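> One structure coming up, written as structure tokens, with questions to follow.
Bear in mind these aren't lab numbers, they're just calculated from the coordinates by the rules spelled out. Just so you know, these numbers come straight off a predicted model, no measurement behind them.
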Amino acid sequence: MPLSGCIVWYEGHPEVTVTTQSFATNETSLPFYLQIPRAPWYQNDPPDNYKTFLNAMAQVGLTPVTGAPDTLPETGRYCSVELSVKVEARPGAGLLILFIPTGGTSLYTLDYVIYENKERLKGYRYDFRQEGIAWGPLLAFVWVNWLNSTKQDAFAATLRQFIQDAQGDGYL
């Protein structure tokens, strides 16, 4: 279900308060490997969720190394990041949304795993939901989306929470 022209919001992502400590310090200069599945149609152009996640990393002050799971280094400490999305769309299509409200939910899961010399040290998992509703009369209120958090905000919140948790556990 396309969610353009409807109200969209994100729920369940961590609410991390940014402290004066920068997230882009030497303590967090750990290489981040964003695992983009191999597929011929987006090998050189990652899908929108991955592009949004890359923008969230830049927002937090991190630089990723992108690649497939077989590109992880043999030595050193690094973090592998996997993103998965499960879409649960409710019935409704086409012009019917002008008269009958319809919606959908996308469940996002981000798995951050810290490795050293290819040995797993610790994993962290963060989930959040994207909710949306489409209905003709709501089109007059589509501006509300500018007040809601974005997917990039939710991704950035999971990154900040991961960094905070991994620092607390002594891995960063």
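> Full-extension gain between THR63 and LYS122, please, as 0.36 nm times their residue separation minus the C-alpha to C-alpha distance. Spell out each step's value before the answer.
Numbers: separation 59, 0.36 × 59 = 21.24 nm, distance 2.07 nm.
Stretched fully, the THR63-LYS122 segment lengthens by 19.2 nm.
> Amide H to amide H under 5 Å from ALA134: which residues, 5+ apart in sequence or cross-chain, H placed 1.01 Å off N in plane?
THR102, GLY103
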